[in-house]
Amino acid sequence: MIVEKKVPFSYILNKVRYDLLFVLALSILINLAANRFTNRIPEMPLSVAAFLGTAISILLSFKLSQSYDRWWEARKVWGAIVNDSRSLILQLQQFAGTDAPLQRLAHRQIAWCYVLGRSLRGQPPLDGIGDLLQEAELERVATHRNMPLALLRQHGADLRALQEAGQLSWYGQVQLDATLVRLTDAMGKAERINGTVFPVTYRLFLHYAIYLFVVVLSIALKDVAPVFEIPLLVLIASVFFLLEKSAFHLQDPFRNRPSDIPVTAIARTIEINIRQLMGEADIPGPATPEGFYLL
Amino acid sequence: MIVEKKVPFSYILNKVRYDLLFVLALSILINLAANRFTNRIPEMPLSVAAFLGTAISILLSFKLSQSYDRWWEARKVWGAIVNDSRSLILQLQQFAGTDAPLQRLAHRQIAWCYVLGRSLRGQPPLDGIGDLLQEAELERVATHRNMPLALLRQHGADLRALQEAGQLSWYGQVQLDATLVRLTDAMGKAERINGTVFPVTYRLFLHYAIYLFVVVLSIALKDVAPVFEIPLLVLIASVFFLLEKSAFHLQDPFRNRPSDIPVTAIARTIEINIRQLMGEADIPGPATPEGFYLL
Amino acid sequence: MIVEKKVPFSYILNKVRYDLLFVLALSILINLAANRFTNRIPEMPLSVAAFLGTAISILLSFKLSQSYDRWWEARKVWGAIVNDSRSLILQLQQFAGTDAPLQRLAHRQIAWCYVLGRSLRGQPPLDGIGDLLQEAELERVATHRNMPLALLRQHGADLRALQEAGQLSWYGQVQLDATLVRLTDAMGKAERINGTVFPVTYRLFLHYAIYLFVVVLSIALKDVAPVFEIPLLVLIASVFFLLEKSAFHLQDPFRNRPSDIPVTAIARTIEINIRQLMGEADIPGPATPEGFYLL
Amino acid sequence: MIVEKKVPFSYILNKVRYDLLFVLALSILINLAANRFTNRIPEMPLSVAAFLGTAISILLSFKLSQSYDRWWEARKVWGAIVNDSRSLILQLQQFAGTDAPLQRLAHRQIAWCYVLGRSLRGQPPLDGIGDLLQEAELERVATHRNMPLALLRQHGADLRALQEAGQLSWYGQVQLDATLVRLTDAMGKAERINGTVFPVTYRLFLHYAIYLFVVVLSIALKDVAPVFEIPLLVLIASVFFLLEKSAFHLQDPFRNRPSDIPVTAIARTIEINIRQLMGEADIPGPATPEGFYLL
Amino acid sequence: MIVEKKVPFSYILNKVRYDLLFVLALSILINLAANRFTNRIPEMPLSVAAFLGTAISILLSFKLSQSYDRWWEARKVWGAIVNDSRSLILQLQQFAGTDAPLQRLAHRQIAWCYVLGRSLRGQPPLDGIGDLLQEAELERVATHRNMPLALLRQHGADLRALQEAGQLSWYGQVQLDATLVRLTDAMGKAERINGTVFPVTYRLFLHYAIYLFVVVLSIALKDVAPVFEIPLLVLIASVFFLLEKSAFHLQDPFRNRPSDIPVTAIARTIEINIRQLMGEADIPGPATPEGFYLL
């Protein structure tokens, strides 16, 4: 998540440098050609370019809206993970017997958040959670392909053990099971957003339409003095390319990019909340931004 | 689901080849006519074409958005199937007695996912699931018109048997029944998306509007040199036709097309998850793309 | 639901014939007037017409989108009815005692779907369900103004009787009651969509804007040769009128029109599912389209 | 809710008469000025007006869409009230003992619907419900600021009394409590829509943009003959003002206006349903429209 | 929440004064330059500006719509807090024993609303709630980083104590726990909206596009007389800047700004409701607006 208004210019430029180089080259070329072969380049009515630009801005707005919705849905999923992690602890404290070993469950829940975040980003899931899980459990989980799911199964096993040991009533188990179901849901939803490629052809045709528009516009403006026409073309094109790139980044929010959902920071918040609810003394500080963004 | 950025050009062209041939023929015809019968072809103001193009791009954007929503809803439904399949197993392991024959339920759940996917795509539903169901059950299910529903009924019968055998508490049965209800919902939702024809007239009028626009545009541009006008017309028309086709494919995501929701691959993921949760040793690998898409 | 791509031309034309006759008359009139009183008809800049057309296409797209949402919501409601009808049977089979008279409940559920569909369409609700209900019950239900609601009350009474007879545990009754609540919800939602008039003024002003646009466009195009101008005007106007009509039909999906939600066919599907789940032998076939549509 | 297509012209005109008078005055003024001081009034390119008109139609469409969503949400809330009122009665009949005094609860539920509707509209809440509540209860409720909430509390007290008297099992009470929670939700949602002012600045700037557009358009059209220009301007402006007014009315649907959600009529429907479910003999007729609308 | 239609002009102007000063300076500069260096300033076709303006109005409308959705979602969350606060009290009165010390829970619920509101706005959370919590509890809560969460934990502890003391059945505890889960959800949702920065690049590129548009428009209009051109430019630009600013304020609704969700006023409403439900005598009055807004 980008947290500062002052995003480095280099970061922005980097996103669209190839597209802009193409536009620059194109506009110079068309200008040169327009001077040389005056008759060969057709008169392109500006209203063709204008209509194309309008059409693309509409299509792009819808695309942006769909990408934004995906991003916001992903953020909501992680919000639900925050809420259900807290509810899990609150429910354990409300329903479990006084002798119940709740700390193991609480630490596993913290671990689950980190592991899920790392899995989504394609990083080694179990890095850095050695303190939160027992050695044996860590090894067992490592054999699973879907490690967050393996951790949820451990939650279930612990709840069953609590119930069998008389430390948890049926009522409590049912309420806690409902929370586990919601956590399973949240996990699956994040995986769905992460694993579903945005319809490729849709994106492709829109990208190609932007290029078509730039070419048409550069021909339509060929009689404007180059010193004005080239910057104008590059500036207009850059608006479109930058917005398209924004849409592209929003639609895949677990890629270890500055525009990601800050899953590590969220997991840290959950860790702080859970440790304080458990009455622990040693509470870590909140995650801090790395430069202009937070991961 | 198309997974690669490099979609074969032939695949894309195939989608709209008849429409583009029409546009090509039309533009050539209009150009010839414009040269021959200069006076007979009216002066078509370009702004009529431009306004029509803008209008169509707006209508098309909404259509794309509705098709996208249908596709995304279908994807969500299959995401819910993933989640509830996992929850079913986690809940069985949490609530059922230690002697309960859970494997039968687990394998039936895997079978259910494959059978539902094949049913939606109009393929023989029971192909390739022989190992997952008992012979007798397979035969009984085969007599049903809606085979996934028959499998859910078997789930219910097993849960009842578990409860009567003292292997499942009322509380557990209630929680598992809630999961069965959600699976029934997901199945029905997928069938609804699959069985509901997108409003035909709406689509028809939009398609006809694109043709009207192309004709008007080709008349409006008739004085541009053919060597520029024909490619321009074809390119602009292709953007519209390709986007319309994308919308068309998104709206029916269970048709055995490259743009489908990858139900077989998702069922395979569920199989992997369930087998690992059950502690089985022989885990299949994930589904791999066939060329540029995954089914 | 229109199921075929080849919708009869007469059906489409019928929808907008009065609007198109008006446009035809108008364009002829304006053309005649333009020839006679050259000076009296003002020069209408085409861009006024173009801007109006763009504005209307935006407003119309939103209107279409809202109508589509209503239609899709109605379809979802009937999808939920399918799902909850199946769940009701699955839950009865899971929770009720072996001696419980489930067939009566199952047949009443089938009847409920038909009765609800006919009520929504304003047809006599109880026609053709004589075999599904007992004589006495049929008579009692006929005294109610809201007959589907009366049937749900009978469901409740049966469940109560089952519980009192020891054929249904509290747990089962609670789960079945939750399903009854969802069926009550679905019924109320369908009634809401059916009974709520789409904001009349909104529709009226949009309709009037289309007429204003057509008049302005016909004046703006008055100098184009009539042989081209009249068809052009009629074609452009027809796109707008047809889309507006589509929106109008989508927004009221229980009116016994070809574009309706096919509630009878859906009820038939439910009948087939329920009869097969109950192990009945005599299963009717699915509903078949009447010409190009399915009701 | 406006129920007839033939809305009185005076009703429509009333909505925008001040705005249209302004437009009329403005266009006359500009025309006079254009004749007198030919050189002082600048040449306003029509495309500025056209672009402004397009921009406003987009903004207005979104505004309309948001207002429509608010209105539809309010309608959904009252739909939920219908459904949960019915469910409440069905659940009481299913779970309560045969001696339970259900009529008091049923009548209070009817009263609650009327009282909520009147509260939302700012009318004296308790008028006309004397027959439905006992004298003592009526007096107690009258001391509360939020009278519908006070009635829900009475529901809760009655359920508690039933449970303590052995007329209601814990299971029944839990199910009924869930219904009370949904009723509390619906009530709060209606209050939220009613009490939340639509963002004032957003509306203000849009209104001001429409005026800016009308001024620019009137200047741009100043050379068209007044006999055509003035009606044209008034007609175009009226489309925008009428749609804006429609949006304004939709966004606040509990203001005792013809475009309101018909809460009294809905409450009447609920009364009919509940009385018939309770087997009462004296059933009132449905609410009838007052002229062209239903309240 | 701005509650009056008459928003002070200074408030509105303040929002965009820097942007408008820039536009003013720019238009004067361009006009001067146009007079001096007639040949150096290129002919900018107005249709480039018009198309850019249309494109921006589309993008801006979507942005406004997304911001509005965030604001409305935030308002819904606080509506849910109202509803669940009421339900909590109603459920306590329905399920808890007659000797249960409910007042402590009721007052803590009031406190929670105020504390959550102040936390979201970055104000010292515990100010002004001294009367609602016991001294010891206040101190304990003050040690937590997330104080509303600490209060929910106290709720849980009290419910547990009630259950252990025989003042609350398992059924009641389960229902109340479900309400606590919903309150935890609402709290987390408000924190999510508050803590998630709206995609920075998206906003940045849109802002930059508005500037590009203003520059292009000012060049395109350079030949209009300055006395008309400058106000026109400023007025058009102000519409865009004001709407963008509205969007910006809507998207972050907990910033102690006039356009905020009025969380303090909502908390006051909850206080009034809860105190009246508890039968207290001393009820405070509702919050009153501070000038033109309510916080």
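The values are calculated or read from the model by the stated rules, or taken from the named source; none is laboratory data. Please read all numbers here as calculations on a predicted model, not as lab measurements. So basically every Cβ, Gly included, is an ideal-geometry build from the backbone, and we count neighbours across all protein chains shown. With ligands, DNA and RNA removed, areas are computed over all heavy atoms of the protein, side chains included. Shrake-Rupley method; radii C 1.70, N 1.55, O 1.52, S 1.80 Å.
Some values worked out for this structure:
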| item | result |
| --- | --- |
| Condition check for A:ASP127: touching a residue at least 24 places away in the same chain (Cβ under 8 Å) and of a type in the set (Asp, Glu) | no |
| Residues that are modelled with pLDDT under 85, of a type in the set (Asp, Glu) and part of a helix (DSSP H, G or I), drawn from region A:1-19 | none |
| Residue in region A:107-115 that is part of a loop (DSSP other than H, G, I, E, B), more than 11 Å from chain E (Cβ to nearest Cβ) and over 15 Å from A:ARG192 (Cα atoms) present | no |
| Conditions (1) without any contact (Cβ under 8 Å) to a residue 60 or more places away in the chain; (2) open to solvent by less than 30 Å² (accessible area, probe 1.4 Å): number failed by B:GLU135 | (2) |
| Top-ranked residue in region A:142-168 [being among the hydrophobic types (A, V, I, L, M, F, W, C) and over 19 Å from B:LEU88 (Cβ atoms); ranked as surrounded by the most Cβ atoms within 10 Å (Cβ to Cβ)] | A:LEU162 |
| Scope region B:12-27; condition surrounded by 15 or more Cβ atoms within 10 Å (Cβ to Cβ) and either within 30 Å of A:GLY195 (Cα to Cα) or polar (S, T, N, Q) (or both); matching residues | B:ILE12, B:LYS15, B:VAL16, B:SER27 |
| Test set (1) within 13 Å of chain D (Cβ to nearest Cβ); (2) free of Cβ contacts under 8 Å to residues at least 24 places away in the same chain; (3) open to solvent by 10 Å² or more (accessible area, probe 1.4 Å) - C:THR196 fails condition number | (3) |
| Restricting region E:77-93 to residues that are open to solvent by 10 Å² or more (accessible area, probe 1.4 Å) and within 7 Å of chain D (Cβ to nearest Cβ), the residue that is nearest to D:THR179 (Cα to Cα) | E:LEU90 |
| Selected residue [open to solvent by 10 Å² or more (accessible area, probe 1.4 Å) and over 19 Å from E:ILE274 (Cβ atoms)] from E:LEU60, E:LEU64, E:LEU46, E:LEU102 | E:LEU46 |
| Residues of region D:169-191 satisfying the condition of being open to solvent by 10 Å² or more (accessible area, probe 1.4 Å) and farther than 15 Å from E:LEU90 by Cα | D:SER169, D:TRP170, D:TYR171, D:LYS189, D:GLU191 |
| Residues (closer than 19 Å to B:VAL239 by Cβ, aliphatic (A, V, I, L, M) and outside any helix (DSSP H, G or I)) located in region A:20-78 | A:MET44 |
| Count of region B:140-170 residues which are of a type outside the set (D, E, K, R) and assigned to a helix (DSSP H, G or I) | 17 |
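Listed here are the residues, each with its yes/no results for (1) of a type in the set (A, V, I, L, M, F, W, C); (2) open to solvent by less than 10 Å² (accessible area, probe 1.4 Å).
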{"residue": "E:LEU243", "(1), (2)": "yes, yes"}
{"residue": "E:PHE248", "(1), (2)": "yes, no"}
{"residue": "E:GLN251", "(1), (2)": "no, yes"}
{"residue": "E:PHE254", "(1), (2)": "yes, yes"}
{"residue": "E:THR269", "(1), (2)": "no, no"}
{"residue": "E:ALA281", "(1), (2)": "yes, no"}
